[in-house]
Amino acid sequence: MKETVSQSFHIWTLSLLLLLLLQLQLSKSNHIIPGFCVGVYGESECGDLSSSFLSSSSSSSKLLIKGGIVVNAHHQLVADVYIENGIIVSVQPNIKVGDDVRVLDAIGKYVMPGGIDPHTHLGMEFMGTETIDDFFSGQAAALAGGTTMHIDFVIPVDGSLTAGFEVYTEKAKRSCMDYGFHMAITKWDEVVARDMEVMVKEKGINSFKFFLAYKGSLMISDELLLQGFKKCKSLGALAMVHAENGDAVAEGQRRMIDLGITGPEGHALSRPPELEGEATSRAIRLAGFVNTPLYVVHVMSIDAMEEIAKAHKSGQKVVGEPVVSGLVLDDSWLWDNDFSTAAKYVMSPPIRKRGHDKALQAALSTKILQLVGTDHCTFNSTQKALGIDDFRKIPNGVNGIEERMHLIWDTMVESGQISVTDYVRITSTEWYVFTFGCAPLLSL
């Protein structure tokens, strides 16, 4: 990567980084999604339209996508999209072009921005191992599923933001698509406070995450949380929280072990929704005390969602982010008799009992929750087996970066819970630009 620092820390590519063509048949009785097709790196076969785009993107710098249903976060209309050198120049009906322009027929297809995943962990060292997806394999999966940008979390090295940034800059050299960085705060002193300012003003990072869980490793105290919130406010940066009561979780884990519950089901039993709700409430109240906006990552329970709804009613700015696993799964998988199967679903906060998923879907459709991430943090079966005799040692994390766009469409649009324009807002445009300062070139 030639440029490691920019305001939004992106690698600008000239392929389909601005545009995603959803091959969706318009028949209400038979919506078919053969692939969310993206051509940025390597080869792809996902339908005639995408194949045409892949071949044309390398042979012509001028492209007209003709007659598609162009969708953004507010409107949809039948129009042409004219692109030069990877940049959208014009969106309007019946654009006339010369013979040197490649024309793609998009009639009967949606034309909308590629997805942005706001919550990933690629190449993350965690719980004695490292995620199997690095910045190349994780991004390749993202592109295969229609996501063209993600925002990953820089984990400090021994509390050092600068050292962590350097490590993740090196990891990201394997990137094949756009990305951005959040940064975790795991300790507090004057050096960290100064480094936060450097990250915002010089490195393009404007969001900082505070873990209220993972006692003994990433978890921070309320005192540190307050200091971090104050610094975020002074910098105009966004404070983010992983909201679970880490002290209570540690007690719950000991209780399960004392009862002889060592399998993956013990993970969910040791950190119930009440502990997520409590930590969400506490973080919201402390953010209100400091008067700074708050972003709650991976909202997994009714308990946490209701605290966010209360904050909205009082006028407080709180952004709630569900993740795909919480929207479409329930905790029955954690009780599977096969350890390898059950361990695949271990993440934190845990996937909840049936009913929480439907409630989170409803909250997303009514804008109590605003956007969807994945918390993509993948470990293979060998790594998950580190906790075969003790659920506390199972590396926490699930996949989702490839599946997110498909599953949100199937779960939310096909069911009639959200519109096509809502889909673009939730997966790609309005909230991402507003919340994280992503470049407006990423949306139509």
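Read-outs throughout are calculated quantities, based only on the coordinates presented, and are distinct from any laboratory measurement. Since this is a predicted model, take the numbers as computed values, not measurements. Cβ sites come from the backbone with ideal geometry, for glycine too, and all protein chains shown count toward neighbours.
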Checklist outcome for this item: Any lysines whose Cα falls less than 27 Å from that of K317, other than same-chain ones fewer than 8 residues away, would be K187, K201, K203, K209, K230, K231, K233, K358, K367
Checklist outcome for this item: Non-local residues with an amide H under 5 Å from the amide H of H119, with H modelled 1.01 Å from N and Pro and chain starts lacking one, are I151, T374, D375
Item to check | region 264-302 versus region 304-337: alpha-carbon centroid distance in Å | outcome: 9
Checklist entry - Tally Lys and Arg at +1 and Asp and Glu at -1 over the other residues with C-beta under 13 Å from the C-beta of M149: what net charge comes out? => result -2
Item to check | Segment T341-K367, extension gain: residue separation times 0.36 nm, minus the distance between their alpha carbons | outcome: 6.0 nm
Next on the checklist: Can you tally the net charge around L63? Count Lys and Arg as +1, Asp and Glu as -1, for every other residue whose Cβ sits under 9 Å from the Cβ of L63.
Outcome noted: +1
Checklist entry - How much length is gained if the chain between V89 and V198 is pulled fully straight, taking 0.36 nm per residue apart and subtracting their Cα-Cα distance, in nm to one decimal? => result 35.7 nm
Checklist entry - Taking region 56-110, which trypsin sites (Lys or Arg not before Pro) meet the DSSP loop condition and have no more than 13 other C-beta atoms within 10 Å? => result K96
Next on the checklist: As an exercise, identify the trypsin sites (Lys or Arg not before Pro) in region 176-244 lying in DSSP coil whose Cβ has no more than 15 other Cβ atoms within 10 Å.
Outcome noted: K187
Checklist entry - What would the Debye formula give as log10 I(q)/I(0) at q = 0.20, 0.21 Å⁻¹ for the alpha-carbon point model of region 162-238, no solvent? => result -0.91, -0.98
Checklist entry - What's the extension gain from I257 to K187 if we count 0.36 nm per residue and subtract their Cα-Cα distance? => result 22.3 nm
Next on the checklist: How far apart, in nanometres, would the label points at D247 and E414 be if each is projected 7 angstrom from Cα along the Cα-to-Cβ direction?
Outcome noted: 4.6
Checklist outcome for this item: Here FRET efficiency (C-beta to C-beta, E125 to F289, R₀ 51 Å, nearest 0.05) is 0.90
